[in-house]
Structures are given as C-alpha cells and as structure tokens.
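One structure below.
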Amino acid sequence: MALPSRAENVAVVRQALAGAIEVLGLAESRLLDINTAVSEACNNVVVHAYEGNEGPLNVHLCVQDSELEVVVSDDGVGIRPRAPEPGLEVQGLGLSLIQTLSDRVEFLGGISQGTEVRMAFSLNGQSDAGVRETTPAVDVRHPPGELVIGVTAGALAAPVLGRVIAMLAARADFSLEGISEAQLVTDSLAANVPRVLVGNKIQLGIDTPPEELLVRVGPLQEGGAHKIMDASALAELPPVLERLTKDHRIEGSPDGEILALTLVNPE
C-alpha cells in the first residue's frame, strides 16, 4: 500500500492487515500484536517523518513459509542520532514495544534518507500455502490514485480489498447498503481481474472525491476491461460492476488498459 501520511490512514492499514490475517487463520491475540506493532510504526511516519507536512506512507506485507513480514517505510527526514531516552524511543517510535511484539525487527535509514521498519511475525506453522508469495513481482506501473494498493492474485485479494474499500466507503458516508455494494465490487474485481492482469498483482488506485469513490484497476491486457465487466454478469441481470457503479470507463496507460469505476451511495 502507498497512501498519504495522515493519522486516519493508519486505520486503513489496520483493515488491510486484518483481511490478510483473517485468511491466515491466526488467533485474535496475534492480530492484536501485529496491528499494534505496525500501527506504532505507521504513527511514527505520520508524526515525525515529514516534520508536520504530508508525504507517502508505504506498507508492504509478505507471507513467507514460516513468518509474516511487514515493512513500513517513508521518504522523510530519516532516523536522527540522539541521546538514549527512557523507554528506548527513537523519534517517538516505541522501539521497545515493537521489539516485544515482533519476533524480528530491523530499522534502516539515515538522515534525509527516509526510514524503513522491517517487522517479522512467526506464523507457528499456521500459514496456508495458498496465500504465500511464490512468484517474483513483475514491475508494472500502478493506476493513479491518492491511495494505491496491490495484492497478489489469490486468497488474500478479496478480504484485503474488501476491508479497505469498506473503510473508505464508511468515511465517504456511504450507508450500510452502500458499503456492502462497494465490497461486492471489490469481490468481483478479485475474482475476475487475475485472468486479464498485466503482471501478477491486482492493483487499485483509489481517489475519494466528496461522497464518491473513484477506483481504478490495472494495468490490464487489451480488451481486459470489457472482459471484467462481462464476467460480473449473473444470469439475466446486467453485470454487477455496471449495476453497482455510477459509471465506468476505460483509460489508457503505458502498460495496458485501466478500468475506472465510480462508486456512490445508493439512493
């Protein structure tokens, strides 16, 4: 994920994590540990990285054979040397807390080089091989958007994208019905985008104009946008992506088609 370093966006990161951990089948207590550690790292970016300004907050999650690795990074002022303080805090970062909750943690960066916090959490043999990243990432440009999220096609896609879009829809004052419909849209994308992907990740760029969500997905193979729309049809009903969006259009990009969908609260 890449999103602006605002305090409210830490909750979006937590929702994405919850979606992934739900699929992994980890205990609620483990979810709390991971969310707390990652939230602490994200809060540090919000409060300290850009010295009162706004910049990118980047979060990468990778499921390995025996552990879940989460990397939180920024392009800010970096870790600055300072005298030791009680609680082993670095720029407000609860280092001792993250060290306690993580099985392995590493801090990288320097002055004006940004900061990267790498946290690993043991899965204790509970991971599902169906959600591990087994293929190398393909370097393609993501769709434009204030918030960008890419998920490897597979078991993680629907729960992660569904929780993120639900959070954003709630912020846009969507009703419960509107939130549910937004999740149906991402469920449809998670199911149908993989067969026409360029690369190996379902990538969404999301903007939040007033009372709307503009969702772009891609890049897609030529003709892929039409195939996604058609594949979402149920029986004699119009395609889900047509019924549940205000409008849709196909945009171009250097790497392939982009399908742009506008979601609004149902009347």
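The values are calculated or read from the model by the stated rules, or taken from the named source; none is laboratory data. Here the structure is a predicted model, which is why all the values come from computation and not from measurement. Every residue, glycine as well, gets a Cβ built from its backbone with ideal geometry; the counts of neighbours run over all protein chains shown. Quick note on the areas: whole protein, heavy atoms, side chains included, nothing else; ligands and nucleic acids left out. Shrake-Rupley method; radii C 1.70, N 1.55, O 1.52, S 1.80 Å.
Miscellaneous remarks
- For residue 4, the test of being at pLDDT 90 or above and surrounded by fewer than 21 Cβ atoms within 10 Å (Cβ to Cβ) is passed.
- The set of residues from region 108-151 being within 18 Å of residue 199 (Cβ to Cβ), open to solvent by less than 40 Å² (accessible area, probe 1.4 Å) and at pLDDT 85 or above comprises 143, 145, 148, 149, 150, 151.
- Members of region 23-42 that are assigned to a helix (DSSP H, G or I) and either open to solvent by less than 20 Å² (accessible area, probe 1.4 Å) or of a type in the set (Gly, Ala, Ser) (or both): 24, 29, 34, 37, 38, 39, 41, 42
- Test set (1) open to solvent by 10 Å² or more (accessible area, probe 1.4 Å); (2) closer than 23 Å to residue 60 by Cβ - residue 248 fails condition number: (2)
- Set 242, 211, 236: member being under 22 Å from the mean Cα position of the chain (by Cα), farther than 16 Å from residue 145 by Cβ and either open to solvent by 60 Å² or more (accessible area, probe 1.4 Å) or modelled with pLDDT of 95 or more (or both): 211
- Taken over region 252-261, the criterion of being farther than 16 Å from residue 185 by Cβ and either surrounded by 14 or more Cβ atoms within 10 Å (Cβ to Cβ) or at pLDDT 95 or above (or both) is satisfied by 253, 255, 256, 257.
- Output for region 48-75, where each listed residue is open to solvent by 10 Å² or more (accessible area, probe 1.4 Å), under 20 Å from residue 146 (Cβ atoms) and either touching a residue at least 60 places away in the same chain (Cβ under 8 Å) or β-branched (Val, Ile, Thr) (or both): 59, 74
- A Cβ distance below 6 Å, combined with a sequence gap of six or more or placement on separate chains, defines the contacts here; from region 240-256, residues that are free of Cβ contacts under 8 Å to residues at least 40 places away in the same chain reach residues that are open to solvent by 30 Å² or more (accessible area, probe 1.4 Å) in the pairs 246/264; 250/257.
- When each of 187, 173 is tested for being part of a loop (DSSP other than H, G, I, E, B) and either of a type in the set (D, E, K, R) or open to solvent by 30 Å² or more (accessible area, probe 1.4 Å) (or both), the lone residue that passes is 173.
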